[in-house]
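Trainee: Below you will find the structure I want to go over with you.
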Amino acid sequence: MTKENTANRLIASNKTARLNYDIGDIYEAGMVLSGTEVKALRAGKANLKDSYAVVKDDEVFLREMHISHYDHGNRSNHEPLRPRKLLLHKREIRKLYGQSREKGLALVPLKLYFKNGKVKVEIAIGKGKKNYDRREDIKKREERRDLARDFKSKLIKV
C-alpha cells in the first residue's frame, strides 16, 4: 500500500457549517457511489455547501451534495445532485433519526475525504445559530486574533 492510500485525503469541507450551526455529535459514514463519481472526487470536484442529510425508512441519504461530471466520462456519467446513501450502523441511524426529529436540529455534513481508499463523510448534529450568536462568534475570533498579533509583536521587539 502506498502512503497516499493509508492517509486521509480531504476532498471538500463545509466551511459555513461551523458558522451557521452549533456542532454536537459527529459521525463518520461511508457512501454508496458510482464509478464516475469516485473518479470526479479524486479530481476534487465536490461541493458540500448547501448539502444536508435526512433519515428515511431506516436509511440515511445525503442530499444536495454536488459532484461535478467526470471529464472523461461517457453517456453513463452520473447525475451531479442525486441523493447518495450513507452507510452507518443501525444503532447510529436510530440515534440520528431521534435527534433529527427534535426542533432546530439538523444533520449537517462537515467534510468529505478518502480514508484507506474509501470515500467517507463526517456528518454532525447541528443546532442552528441565531444572527446574534454568529456576531458574537466573529467578535470573539477577532479579539483572539488581535491578542495573538499583539503578543507576537511584543516577542519580536524583545
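Trainee: If you take the beta carbon distance between residue 13 and residue 54 as r and set R0 to 25 Å, what does 1/(1 + (r/R0)^6) give as a FRET efficiency, to the nearest 0.05?
Mentor: Details: r = 21 Å, r/R0 = 0.82.
In this case the efficiency is close to 0.75.
Trainee: Rounded to the nearest 0.05, what FRET efficiency do residue 43 and residue 87 give with R0 = 30 Å and r taken as the Cβ-Cβ distance? Could you check? Before the final figure, lay out the partial values.
Mentor: On the way: r = 23 Å, r/R0 = 0.76.
After rounding, the FRET efficiency stands at 0.85.
Trainee: Can you tell which of 42, 91, 145 shows the greatest fluctuation in a Gaussian network model of the chain with Cα springs below 10 Å?
Mentor: Taking springs between Cα atoms under 10 Å, the residue moving most is 145.
Trainee: Once Lys and Arg get +1 and Asp and Glu get -1 on their Cβ, which of 88, 116, 14 lies farthest toward the positive end of the dipole of the stretch 9-128?
Mentor: The one lying farthest along the dipole's positive direction is 116.
Trainee: What shape does the chain have by the C-alpha gyration tensor, where a ≥ b ≥ c are the square roots of the eigenvalues, rounded means a/c under 1.5, and otherwise prolate means a/b greater than b/c and oblate the rest? Display every interim value, and only then the final one.
Mentor: Numbers: a/c = 2.19, a/b = 1.40, b/c = 1.57.
Since a/c reaches 1.5 but b/c is at least a/b, the shape of the chain is classed as oblate.
Trainee: Taking 30 Å as R0, compute the FRET efficiency from the Cβ-Cβ separation of residue 146 and residue 101 and round it to 0.05.
Mentor: Details: r = 42 Å, r/R0 = 1.39.
Efficiency, from the Cβ-Cβ distance: 0.10.
Trainee: A further question follows. Count charges around residue 104 for me, please; just the other residues with Cβ under 13 Å from its Cβ, Lys/Arg as +1, Asp/Glu as -1. Mind showing how you got there, number by number?
Mentor: Values: positive: 101, 103, 127, 129, 130; negative: 22, 102, 133.
Surrounding charge for residue 104 is +2.
Every number here is computed from the coordinates shown, using simple stated rules; none is lab data. Since the structure is predicted, the reported quantities are computational estimates derived from the model, not experimental observations. With ideal geometry, Cβ positions are generated from the backbone for all residues, glycine too; neighbour counts draw on all protein chains shown.
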